[in-house]
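Below you'll find the structure, written out as structure tokens, and then a few comments.
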Amino acid sequence: MKHRFYAAILMAFIFIGSTLASDKILPYPIYQHKLDNGLNVVTVPFDSPGLVAFYIVVRVGARNEVEKGVTGFAHFFEHMMFRGTDKYSKSEYSAVLKSTGASANANTTQDRTMYHITGNAEKLETMFELESDRFMNLNYSEHGFKTEAGAVKGEYTKNYASPYQRIREKMQDAAFDVHTYKHTTMGFFKDIVDMPNQYDYSRQFFNRYYRPEYCTVVVVGDITAEKVNNLAEKYFGDWEAGNYISVVPEEPKQKGTRYVHLQNGEIPPYISLNYKGPAFKDNEIDMPALDVLSSIIFSNT
């Protein structure tokens with residue numbers, strides 16, 4: 001399985017605690033600071049006068065959805081994190097970002113969820129304030145939860161209209177027996193249909209993973225490590241650590257070729273050949289090395 005990651009952020013995340021310029025892996029210095037609550041803070045000074053990119057990488061993806069009947073929640077919270085807090089409503093969050101000339105978005109894979117803002121380096125403290133508030137104080141009603149669950153169902157339906165997405169979904173389901181790579185980041189459709197009934201579970205899911213020990217703040221651009229670390233201590237220092245440990249079941253070794261056939265008259269004959277590779281691990285480089293390599297080899301020429 002191939003899971004794409006931004007190369008710069010990936011390397012900053014994997015090679016924790018080192019300055020990599022001398023190793024020639026990246027031509028930029030990388031500085032790391034860890035808060036007492038377990039939050040990782042990574043700074044990458046970059047020659048981008050007046051601009052800064054602010055990332056928060058959360059180590060929760062579809063792989064962490066280990067309980068039956070509740071898949072899709074890692075992706076779901078990519079949506080919910082923009083619902084607002086008591087301090088900044090959804091519209092107020094957008095207004096503050098717009099006033100600073102910044103833009104924000106997020107994406108989810110099977111291994112992580114990532115939130116990012118790009119904007120004026122002089123407004124970095126505003127970015128820290130906004131992100132710390134929603135990561136520590138996200139608030140949503142059951143009605144708001146059900147509304148967003150409906151939006152997720154609509155997104156699934158739209159994606160499923162693509163025969164290529166259907167092939168991918170069936171391929172993953174066939175490739176894995178017990179590992180959570182069996183379902184896509186969207187989750188199983190039956191779980192998405194039932195998602196509006198899982199308000200209480202959503203609160204539990206958020207409290208498990210949206211904790212400092214599961215998160216890494218990465219700031220890249222026209223900044224210094226000292227400034228980033230000071231702002232991280234100021235805005236994230238009081239974030240309470242959790243105690244949940246995610247245990248993903250290990251997939252038994254596959255003993256033979258598996259096949260999926262999808263009869264579809266909408267597209268010409270299409271074949272997809274897939275090979276299992278190493279799973280993502282914090283302390284091993286195999287998967288990210290192959291991921292970066294595949295991006296280089298198979299990207300546009």
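The values are calculated or read from the model by the stated rules, or taken from the named source; none is laboratory data. Here the structure is a predicted model, which is why all the values come from computation and not from measurement. Cβ: placed from backbone, ideal geometry, glycine included. Neighbour counts: every protein chain shown.
None of TYR209, TYR235 is surrounded by 12 or more Cβ atoms within 10 Å (Cβ to Cβ), touching a Lys or Arg at 6+ places or on another chain (Cβ under 9 Å), in contact (Cβ under 8 Å) with a residue 24 or more places away in the chain and not β-branched (Val, Ile, Thr) except TYR209. Can you say whether PHE73 is surrounded by 13 or more Cβ atoms within 10 Å (Cβ to Cβ), in contact with a helix residue (DSSP H, G or I) (Cβ under 6 Å, 6 or more places away or on another chain), over 30 Å from GLU250 (Cα atoms) and not aliphatic (A, V, I, L, M), as far as the supplied structure shows? Spelling it out, it is not the case that PHE73 is surrounded by 13 or more Cβ atoms within 10 Å (Cβ to Cβ), in contact with a helix residue (DSSP H, G or I) (Cβ under 6 Å, 6 or more places away or on another chain), over 30 Å from GLU250 (Cα atoms) and not aliphatic (A, V, I, L, M).
Helices (runs of 4 or more DSSP H) fully within region 40-137 that include at least 2 residues being modelled with pLDDT of 95 or more, under 21 Å from the mean Cα position of the chain (by Cα) and not hydrophobic (A, V, I, L, M, F, W, C): 124-137. Find the helices (runs of 4 or more DSSP H) located wholly in region 172-244 whose residues include 3 or more that are over 23 Å from HIS116 (Cβ atoms), and list them. Passing ranges, in order: 189-194, 199-209. Looking across region 117-130, the residues that are out of contact with any helix residue (DSSP H, G or I) (no Cβ under 8 Å at 6 or more places or on another chain) and surrounded by 20 or more Cβ atoms within 10 Å (Cβ to Cβ) come down to LYS123, MET127. Filtering region 89-116 down to residues that are within 24 Å of PRO212 (Cβ to Cβ) and among the aliphatic types (A, V, I, L, M), which residue is surrounded by the fewest Cβ atoms within 10 Å (Cβ to Cβ)? Result: VAL96.
For ASN300, the conditions (1) assigned to a loop (DSSP other than H, G, I, E, B); (2) more than 17 Å from ARG112 (Cα to Cα); (3) in contact (Cβ under 8 Å) with a residue 60 or more places away in the chain are fulfilled apart from (3). Each residue in region 83-93 was checked for being within 24 Å of GLY61 (Cα to Cα) and without any contact (Cβ under 8 Å) to a residue 40 or more places away in the chain, and 1 of them qualify.
Among the residues of region 138-190, just one is basic (Lys, Arg), surrounded by fewer than 13 Cβ atoms within 10 Å (Cβ to Cβ) and either farther than 18 Å from ASN264 by Cα or modelled with pLDDT of 95 or more (or both), namely LYS190.
Residue selection: PRO269 satisfies the criterion of being without any contact (Cβ under 8 Å) to a residue 40 or more places away in the chain and more than 20 Å from the chain's Cα centre (by Cα). All but one of (1) within 25 Å of TYR259 (Cα to Cα); (2) in contact (Cβ under 8 Å) with a residue 40 or more places away in the chain; (3) hydroxyl-bearing (Ser, Thr, Tyr) hold for TYR160; state the number of the condition that does not hold. Every condition holds for TYR160 apart from (2). Of the residues making up region 239-255, those that are farther than 19 Å from GLU67 by Cα and either free of Cβ contacts under 8 Å to residues at least 24 places away in the same chain or exposed (fewer than 13 other Cβ atoms within 10 Å of the Cβ) (or both) number 4. If the condition is being of a type in the set (D, E, K, R), assigned to a loop (DSSP other than H, G, I, E, B) and out of contact with any His (no Cβ under 8 Å at 6 or more places or on another chain), then region 245-290 contributes LYS253, LYS255, ARG258, GLU266, LYS276, LYS281, ASP282, GLU284.
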